[in-house]
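Novice: Sharing a structure, written as structure tokens. Questions coming.
The values are calculated or read from the model by the stated rules, or taken from the named source; none is laboratory data. Here the structure is a predicted model, which is why all the values come from computation and not from measurement. As a convention, Cβ positions derive from the backbone with ideal geometry for all residues, glycine included, and neighbour counts pool all protein chains shown.
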Amino acid sequence: MTNSLFADANIRLERALKYIQISPSTEEKLKYPKSSLAVSIPLRMDDGSLKVYQGYRVIYNDSRGPGKGGVRYHPSVNLDEVKSLAFWMMFKCAVLNLPFGGAKGGIQVNPRELSKGELERLSKNYISAIADYIGPDRDILAPDVYTNETVMGWMVEEYSNITRQISWGVVTGKPLTMGGSEGRSTATATGAFHVIQTILPKFEKKPEQTTVAVQGFGNAGAQIAQLLYQAGYKVVAVSDSRGGIYCEDGLDIPSIREYKESNSTVKDVYCQETVCDLRENDVITNEELLTLEVDVLIPAALENQITEENAHQIKAPFIFEVANGPVTSSADLILEEKGIRVIPDILVNAGGVTVSHLEWVQNRNGMYWDLEKVQQHLKEGMERETEVIWKVALEYEVSMRTAAYIHSLKRLDDAMGFDD
């Protein structure tokens, strides 16, 4: 397996190009990001000392509209990762037919080591460093790993101060009081739920007869676990960064969420407690969770969780990628040989950017919609594109991942291939 996440991501594009002919100009443009920005972010700590953090922002392509993508705070953030995430965002926006290109950003930091005040200053300093390269019509930010609506609020506040005007549309996933949209905080999980509900009936899988394991109990992972629990699925295992818990008879997901949230030590920003502290259930590792004998496996943490090293041990017949890039390209081939169906990230987790688009539209026209209207639009979009990709997979006799890339490539080529 290649050490470069971006090189691995491109293998999926190469596989799709075997089944579809696109403009040579489009194919050449897709090899490179439009812009890659690396910035140093000085931060005055609470004790008066100064630390400098590395930040990034990549716009992969803006042929279909301004850049769009989240900002993650994590110790492993680097340019290769951010470029890969922007690459995936480009395809994700095309899959849902949104008028955006792909972008992504991040800061190489462990946010749990910072106070709330330090997090706020870091977030605002990041915006100060990239302000000339973003904007409601140029590149729009959103939450990602270890960022949330609080962080987005700090960011839009700083950008508005810099530009001397209220610019709600530069950031999505904001608090409702700052131009945020109903349904945005749960959109990634809700969108994934609609994909699951569209795919599983095709295999006569009923909720009450379906077991689920969720790796990653952050915002998206915890929410999808709750939605599935409420719909009657048996969620038997969940995990976070420190490990997981398992119960053959099914977990009480609302109680687990309440426990994590009530034990948060950085209120309203991050939850630092772990599901492993719930000792009435069996404690398992993240690696063990991935290999459980369940019907549905949901990787909702970070990339590269299922690789050629552990793919042979995966037993779940269905994998729904709520995280970005949790399965490597080499693992894809192994899983396909085993008959395991992987429903790809560029479809499954596209609910977040779908509602981000609605938030951006609301910011621009000054008209705000209720939760019912937002959720109906999300449901229709996710179900529609899932059905289209399912038909493409049958037509070309390819995996759902390759079908999703074929589907999005057609739309990208329409926007990018005019040079020929």
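Novice: Checking THR386 against (1) touching a Phe, Trp or Tyr at 6+ places or on another chain (Cβ under 9 Å); (2) closer than 17 Å to VAL195 by Cβ, which test does it fail?
Specialist: So THR386 meets the others, but not (1).
Novice: Moving on. Of all residues in the stretch 34-63, which are modelled with pLDDT of 95 or more and outside any strand (DSSP E or B)?
Specialist: LYS34, MET45, ASP46, ASP47, GLY48, SER49
Novice: What about MET416, is it surrounded by fewer than 13 Cβ atoms within 10 Å (Cβ to Cβ) and modelled with pLDDT under 95?
Specialist: When the stated conditions are applied, MET416 does not pass them.
Novice: Moving on. Here's a check for you: in the stretch 207-254, which residue that is in contact (Cβ under 8 Å) with a residue 24 or more places away in the chain and of a type in the set (D, E, K, R) is nearest to GLU303 (Cα to Cα)?
Specialist: ASP240
Novice: A further question on this structure: Scan the stretch 14-34 for residues that are surrounded by fewer than 18 Cβ atoms within 10 Å (Cβ to Cβ) and within 15 Å of ALA393 (Cα to Cα) and jot them down.
Specialist: LEU17, LYS18, TYR19, ILE20
Novice: From ALA220, ALA192, ALA225, which residue is of a type in the set (A, V, I, L, M, F, W, C) and over 20 Å from ARG401 (Cβ atoms)?
Specialist: ALA225
Novice: Here's a follow-up. Could you say which residue among GLY67, GLY101, GLY117 is at pLDDT 95 or above, in the same structural domain as ASP46 (by TED's automatic domain parsing) and closer than 21 Å to GLU359 by Cβ?
Specialist: Values: GLY101 fails: at pLDDT 95 or above; GLY117 fails: closer than 21 Å to GLU359 by Cβ.
Within the list GLY67, GLY101, GLY117, the selection yields GLY67.
Novice: In contact with a strand residue (DSSP E or B) (Cβ under 9 Å, 6 or more places away or on another chain) and either within 20 Å of GLU14 (Cα to Cα) or surrounded by fewer than 22 Cβ atoms within 10 Å (Cβ to Cβ) (or both): which single residue out of LEU114, LEU122, LEU85 fits that description? Give the derivation first.
Specialist: Details: LEU114 fails: either within 20 Å of GLU14 (Cα to Cα) or surrounded by fewer than 22 Cβ atoms within 10 Å (Cβ to Cβ) (or both); LEU122 fails: either within 20 Å of GLU14 (Cα to Cα) or surrounded by fewer than 22 Cβ atoms within 10 Å (Cβ to Cβ) (or both).
One residue alone meets the criteria, LEU85.
Novice: Of LEU358, LEU333, which residue is over 23 Å from GLY216 (Cα atoms), outside the structural domain of THR210 (by TED's automatic domain parsing) and surrounded by 15 or more Cβ atoms within 10 Å (Cβ to Cβ)?
Specialist: Working: LEU333 fails: outside the structural domain of THR210 (by TED's automatic domain parsing).
On inspection, the qualifying residue turns out to be LEU358.
Novice: Taking ALA393 as the residue in question, decide whether it is modelled with pLDDT of 95 or more, in contact with a helix residue (DSSP H, G or I) (Cβ under 8 Å, 6 or more places away or on another chain) and small (Gly, Ala, Ser).
Specialist: Criteria met by ALA393.
Novice: From TYR73, TYR60, TYR56, grab the single residue that is closer than 30 Å to GLU387 by Cα and crowded, with 24+ Cβ neighbours inside 10 Å.
Specialist: Result of the check over TYR73, TYR60, TYR56: TYR60.
Novice: Based on this model, can you work out whether THR354 counts as within 19 Å of ALA103 (Cβ to Cβ), of a type in the set (S, T, N, Q) and out of contact with any Lys or Arg (no Cβ under 6 Å at 6 or more places or on another chain)?
Specialist: The answer is yes for THR354.
To keep it simple, each residue is scored yes or no on (1) of a type in the set (Gly, Ala, Ser); (2) in the same structural domain as GLY218 (by TED's automatic domain parsing); (3) closer than 27 Å to GLU380 by Cβ; (4) more than 21 Å from the chain's Cα centre (by Cα).
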{"residue": "PRO42", "(1), (2), (3), (4)": "no, no, no, yes"}
{"residue": "LEU79", "(1), (2), (3), (4)": "no, no, no, no"}
{"residue": "TRP88", "(1), (2), (3), (4)": "no, no, yes, no"}
{"residue": "LYS92", "(1), (2), (3), (4)": "no, no, yes, no"}
{"residue": "GLY105", "(1), (2), (3), (4)": "yes, no, no, no"}
{"residue": "ASN110", "(1), (2), (3), (4)": "no, no, no, no"}
